[in-house]
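Every number in this text was worked out from the coordinates using simple rules, so none of it is lab data. Fair warning: this is a prediction, and the values are worked out from it, not measured in the lab. Here the Cβ is made from the backbone with ideal geometry for all residues, glycine too, and neighbour counts use every protein chain on show.
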Amino acid sequence: MKIIPDTLLENYRNQLGSKLHEALQQLDESFVRPDSFNFYTSIAVITSSKIEGEPMEVDSYIKHKLQHIEYLPELTQKPNDLFRAYIYARENRLTNEHFSQVHRILTEHLLPAHYRGAHRRNAMVVMEHKTGRIQFEAAPAHLVEGEMDKLWEDIDELLRCNLSLEETFYYASFIHLLFVCIHPFNDGNGRAGRLLEKWFLSDKLGPVAWYVQSEQHYYQHVDDYYRNLNRLGVFYEQLDFTKAGPFLMMLPEALDK
């Protein structure tokens, strides 16, 4: 692997035990129906958006998507862009090119056209939207292209490999984590990173992955989400990924829902 470490994998397996298989089977048997995608994706979209400071309430967005209740465009435009990005991801295999298109879709009402799907060329600090506190400094601009090339090499390799369920969740979480740490775009990185994680799961596990309520879990535990990111350090080139364990465990914890 070029950038994703496997040093925590054995400990990760030991922490999970057998509960991951049981929880995923229960999800598949209990919740997945032909009409479920819009409902669960609506929850995923609005909770992921609220992590980034979007004001629309969860219940209101579900009414908007499922009951077709109209709200002011400034409340619905950006979540609806993200919803369209999830639809695109469900209908396409995970590739660098398709992911760039997803970023163009989800930032239609967020960024000027020339920034959509294009890597940033400026310095970037990541702030927690609820408090405004600086969380960490993302990858320096001159490293972004190279770090993303390495990440996509790893993703492509993992998509070709036969992975166990534990390995699939481990690498999905690490892809999410590294993407957020690199923060390659001018905006929309959080939403894109959480979608990337689920997209990887769906390519490895099939449609059941779209019903894992990871975004809702991150939103309901947003303080832990940022705290676990902070454990690695402040500056990208000094991040200590041996401390990533608590962040990696958040994705399987979402299955407890």
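Here are the numbers for the structure shown:
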| read-out | value |
| --- | --- |
| Projected label distance in nm at Gln67 and Gln220, using a 7 Å step from Cα toward the beta-carbon | 2.2 |
| Value of relative contact order over the chain, rounded to a whole percent, pairs C-alpha under 8 Å and six or more apart | 27 |
| Mean projected area (nm²) of the alpha-carbon convex hull when the chain is viewed from all directions | 12.9 |
| Within-15-Å neighbourhood charge of Gly188 [Cβ basis; K, R +1; D, E -1] | +1 |
| Count of Lys pairs (Cα-Cα under 17 Å; at least 8 positions apart or interchain) in the chain | 9 |
| Cβ-based net charge around Arg84, under 14 Å, with every Lys or Arg adding one and every Asp or Glu removing one | +3 |
| Relative contact order of the range 110-244, defined on C-alpha pairs under 8 angstrom at six or more residues apart (%) | 27 |
| Size of electric dipole in the range 41-135: Cβ of Lys, Arg +1 and of Asp, Glu -1, about Cα centre, debye, nearest 20 | 320 |
| Per-residue Cβ neighbour rank within 10 angstrom, fewest leading, Arg121, Arg84 | Arg121, Arg84 |
| Positive-end extreme of charge dipole, the range 24-254 - chosen from His68, Pro79, Cys181 (charges on Cβ) | His68 |
| Label-point separation in nm, Ser60 to Cys161, each point 7 Å along Cα→Cβ | 4.5 |
| The chain - charge dipole about Cα centre, Lys and Arg +1 at Cβ, Asp and Glu -1, debye rounded to 20 | 320 |
| Rounded to the nearest 20 debye, dipole of the range 150-257 from Cβ charges on Lys, Arg, Asp, Glu | 160 |
| Calculated [θ] (222 nm, deg cm²/dmol) that DSSP helices of n ≥ 4 give over the chain, each run adding -39,500 (n - 2.57) | -18500 deg cm²/dmol |
